[in-house]
Amino acid sequence: MDTSYAVFCGIDVGKSDHHAVGLDTAGGRLFDKALPNDEARLRAVFADLAVHGPILVVVDQPNTIGALPVTVARACGHDVAYLPGLSMRRVADLYPGQAKTDARDAFIIADTARTMPHTLRRVDVGDETLTEFGVLVGFDDDLAGEATRVSNRIRGLLTGIHPALERVLGPRINHLAVLEILSRYGGPVGIRQAGKRRITTLAVKHAPRMGARLAEEIFAALDAQTVTVPGSKAAEIVLPKLADSLKEVLQQRRTIGDDVERILDEHPLSQVLTSMPGIGVRTAARILIEIGDGSDFASAGHLAAYAGIAPVTHRSGTSIRGEHPARSGNRKLKRALFLSAFAALHDPTSRAYYDRKRAEGKRHNAALICLARRRCDVLHAMLKNKTFYQPPTADAA
């Protein structure tokens, strides 16, 4: 039990109304009511509870719909923490009853804060940059999903009407030269009518090094199919619109990337993170959003377990032994660390470790997970000591 607080206020946040439960150190209820998502009412409740002593306000969602309670609690001078959703679901199984109500959830949050403070996560105080990151990176994730959806739609249409052309354009579908060709001339019929000279000129304009080769491959693919597949006329109408939509989405992602980079430059840990090979602007922003300065994790092992990149040991007597990849953890952080490990394969140290794991018989993804786990040790030390990445010496490697 955490004895530094006299009151544990658990809030199950909602869009228009929350439910708050206040417990004292013995578990007695000091408050148990619905709470409007209103600053004046929040201040009044916190003031009533503060009569009993220091308050710890705990929410199950510190952002979006939970942002106002967190901000008001800080403004009132109270400490704030949050209980992650996975921990909340596991702890809820320890309490009797199967009901799923706001009042029960708020009580579980408050009682967990009172009896199991190690399950809580700190809400970074005064770090407005992380809030800005959350909004921008969340929008960027939406744009990335939309770009994937539209590009898959384009590739699906091309595969249906002209597979040979899709094999040429599909892998380069996000390139501006390909999108300009589809935007101006549509599908196979429009491209053929435009002629090789126009396509070559347009391709070279937007891709000076590969433009001529791209045009050659396009017309070679067109010559490989002489029949017209049903639906081609409609595809000629739809493809330019899809290409324009994809161009707009990709342009928005570039703009958001510039905004993220600008805000990232203002964060004291930005240069620390980006000094590590494989960590770019978006990855650094995602790491900061998910773990802040890393002070919540006592060791690199704790951070790796939270990210879901630490192997899970399965052992039962003499019949079951071994370690298996974790299926839990913070998926967004795990993806960021995995992709940064893949991007770091150009680094000699990372490549040597990856090659060693492949030589041991591990597949590509398993070797990358091992590399991400090794890099997690370095990342934790960098955040803890606020130091830049330093390549290992030849002896250490």
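How many residues, within segment 74-114, are among the basic types (Lys, Arg) and either in contact (Cβ under 8 Å) with a residue 60 or more places away in the chain or part of a strand (DSSP E or B) (or both)?
In the first step, residues of segment 74-114 are kept if they are among the basic types (Lys, Arg); the result is 74, 89-90, 100, 104, 114.
Of the ones still in play, those that are also either in contact (Cβ under 8 Å) with a residue 60 or more places away in the chain or part of a strand (DSSP E or B) (or both) are 114.
Here the count works out to 1.
Based on what the data block shows, is Ile191 buried (at least 20 other Cβ atoms within 10 Å of the Cβ), of a type in the set (A, V, I, L, M), free of Cβ contacts under 8 Å to residues at least 60 places away in the same chain and on the phi < 0 side of the Ramachandran plot? Full working, then the answer.
Working: buried (at least 20 other Cβ atoms within 10 Å of the Cβ): yes; of a type in the set (A, V, I, L, M): yes; free of Cβ contacts under 8 Å to residues at least 60 places away in the same chain: yes; on the phi < 0 side of the Ramachandran plot: yes.
So Ile191 passes the test.
Taken over segment 50-73, residues that are in a helix (DSSP H, G or I) and surrounded by 14 or more Cβ atoms within 10 Å (Cβ to Cβ) amount to 10. If you filter segment 195-227 down to residues that are free of Cβ contacts under 8 Å to residues at least 12 places away in the same chain and more than 20 Å from His175 (Cα to Cα), you find that the one that is surrounded by the most Cβ atoms within 10 Å (Cβ to Cβ) is Gly195. Hey, does segment 146-158 have a residue that's surrounded by 14 or more Cβ atoms within 10 Å (Cβ to Cβ), touching a residue at least 60 places away in the same chain (Cβ under 8 Å), of a type in the set (Val, Ile, Thr) and in contact with a His (Cβ under 8 Å, 6 or more places away or on another chain)? There is no residue in segment 146-158 that is surrounded by 14 or more Cβ atoms within 10 Å (Cβ to Cβ), touching a residue at least 60 places away in the same chain (Cβ under 8 Å), of a type in the set (Val, Ile, Thr) and in contact with a His (Cβ under 8 Å, 6 or more places away or on another chain). None of Lys205, Lys196 is touching a Gly at 6+ places or on another chain (Cβ under 9 Å), farther than 30 Å from Phe139 by Cα and among the basic types (Lys, Arg) except Lys205.
Suppose we keep only residues that are among the hydrophobic types (A, V, I, L, M, F, W, C) and part of a helix (DSSP H, G or I) within segment 18-44. Which one would you say is surrounded by the most Cβ atoms within 10 Å (Cβ to Cβ)? Steps first, please.
Looking only at segment 18-44, we keep the residues that are among the hydrophobic types (A, V, I, L, M, F, W, C), and these are 20-21, 23, 26, 30-31, 34-35, 40, 42, 44.
Add one more test, that the residue is part of a helix (DSSP H, G or I), and what stays is 40, 42, 44.
Details: Ala40: 8, Leu42: 23, Ala44: 12.
Once the filter is applied, the top-ranked residue is Leu42.
Picking from residues in segment 225-267 that are polar (S, T, N, Q) and in contact with a helix residue (DSSP H, G or I) (Cβ under 6 Å, 6 or more places away or on another chain), the one that is farthest from Gly186 (Cα to Cα) is Gln252.
In segment 292-310, the residues that are more than 16 Å from His118 (Cα to Cα) reach residues that are in a helix (DSSP H, G or I) and among the acidic types (Asp, Glu) with C-beta atoms within less than 7 angstrom, at least six apart or across chains, in these pairs: Ala300/Asp377.
With the structure loaded, tell me whether Ala47 is in the same structural domain as Arg89 (by TED's automatic domain parsing), free of Cβ contacts under 8 Å to residues at least 40 places away in the same chain, assigned to a loop (DSSP other than H, G, I, E, B) and surrounded by fewer than 16 Cβ atoms within 10 Å (Cβ to Cβ) or whether it fails that test.
Numbers: in the same structural domain as Arg89 (by TED's automatic domain parsing): yes; free of Cβ contacts under 8 Å to residues at least 40 places away in the same chain: yes; assigned to a loop (DSSP other than H, G, I, E, B): no; surrounded by fewer than 16 Cβ atoms within 10 Å (Cβ to Cβ): yes.
No, not satisfied.
Determine whether segment 184-197 contains at least one residue that is within 28 Å of Thr255 (Cα to Cα), outside the structural domain of Val281 (by TED's automatic domain parsing) and among the small types (Gly, Ala, Ser). Looking for residues that are within 28 Å of Thr255 (Cα to Cα), outside the structural domain of Val281 (by TED's automatic domain parsing) and among the small types (Gly, Ala, Ser), one finds at least one in segment 184-197, hence yes. Please verify whether segment 118-138 includes one or more residues that are surrounded by 13 or more Cβ atoms within 10 Å (Cβ to Cβ), within 18 Å of Ala34 (Cβ to Cβ) and among the aliphatic types (A, V, I, L, M). Within segment 118-138, not a single residue is surrounded by 13 or more Cβ atoms within 10 Å (Cβ to Cβ), within 18 Å of Ala34 (Cβ to Cβ) and among the aliphatic types (A, V, I, L, M).
The values are calculated or read from the model by the stated rules, or taken from the named source; none is laboratory data. Every value quoted in this text rests on a predicted model; they were computed, and no experiment measured them. Note that we place each Cβ from the backbone using ideal geometry, even for glycine, and neighbour counts take in every protein chain shown.
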